[in-house]
Amino acid sequence: MLFRDLYRIAEDSEGPFIRFETLRQAVNAHHTGIGRVDVRLVQFAVPNRQAFYWHADTERTSPYEEEFTVVEIIGCDSLKEHPRERRFALTKELMHVFDTPDQVANTPEKFISLVTEIQNQPLPQHASPMMKSELDTRWMAALCLCPRNRRNAFYDQYPEKLASFEIAEALRVPEWVVPFIMDGYYDTAYSSLVEGKNGHA
């Protein structure tokens, strides 16, 4: 499965908004090498409404089948109180299933390095592949939760007739997401991530 395949599933799904479970189940069923995506909300020492992704283990259903990866998305339990933030945070972390090998923070050392980069916000030329993935997954989550057909239904009415909070409520995303999905850069991100040569493998 490429990102473009997941995006098409989101775009074709029924209902007024895209459910995280629709995306998670599609990855479980169709993404090569990922056997299961588990989600756990736990109590963080300092509640921060954030989540992170990691490869938990490898399993196989029988001695004759290929191993597959079990992925865990760990979220702060304070997200329970903010459903739209939860949906976006979990979806963003789910997008890490499309990371290339050099983008995966799969060791304690790499994870600490990534956390340091997120803290320091390095210049683009100094960003590691892991840090670049953080930016990609933000846009990938926005595209999946606000696919073009749903986003365009509001585009001509923003901001004169519809405010950010109204669109956020309709799409079930955080209000801070609306200005950047309604910006012209949306089309650039769409072209790169969905229509690009590799469909963001």
Query - Those residues of the stretch 67-93 which are of a type in the set (Gly, Ala, Ser) and over 15 Å from Arg138 (Cβ atoms), in sequence order - result: Gly75, Ser78
Report task. Please enumerate the residues belonging to the stretch 151-201 that are assigned to a helix (DSSP H, G or I), within 21 Å of Phe3 (Cβ to Cβ), touching a helix residue (DSSP H, G or I) at 6+ places or on another chain (Cβ under 8 Å) and not β-branched (Val, Ile, Thr). Result -> Arg151, Leu171, Phe180, Tyr186, Ala189, Tyr190, Leu193
Requested in this report: Considering every residue within the stretch 102-123, establish whether at least one is out of contact with any helix residue (DSSP H, G or I) (no Cβ under 6 Å at 6 or more places or on another chain), acidic (Asp, Glu), outside any helix (DSSP H, G or I) and farther than 24 Å from Trp176 by Cβ.
Outcome: no
Report summary line: Picked from the stretch 102-160 (must be under 20 Å from Thr22 (Cβ atoms), in contact (Cβ under 8 Å) with a residue 24 or more places away in the chain and of a type in the set (A, V, I, L, M, F, W, C)), the residue surrounded by the fewest Cβ atoms within 10 Å (Cβ to Cβ) is Trp139
Query raised in the report: Which residue out of Phe111, Phe98 is under 17 Å from the mean Cα position of the chain (by Cα) and hydrophobic (A, V, I, L, M, F, W, C)?
Result: Phe98
Report task. Take the stretch 4-40 and flag every residue that is over 20 Å from Leu171 (Cα atoms), hydrophobic (A, V, I, L, M, F, W, C) and touching a residue at least 40 places away in the same chain (Cβ under 8 Å). Result -> Val27, Ile34, Val37, Val39
Query raised in the report: Given the structure, is Lys92 within 22 Å of Asp5 (Cβ to Cβ) and among the charged types (D, E, K, R)?
Result: yes
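Coordinate-derived values only; no laboratory data. This structure is a prediction, so every number in the text was calculated from the model and none was measured. Note that we place each Cβ from the backbone using ideal geometry, even for glycine, and neighbour counts take in every protein chain shown.
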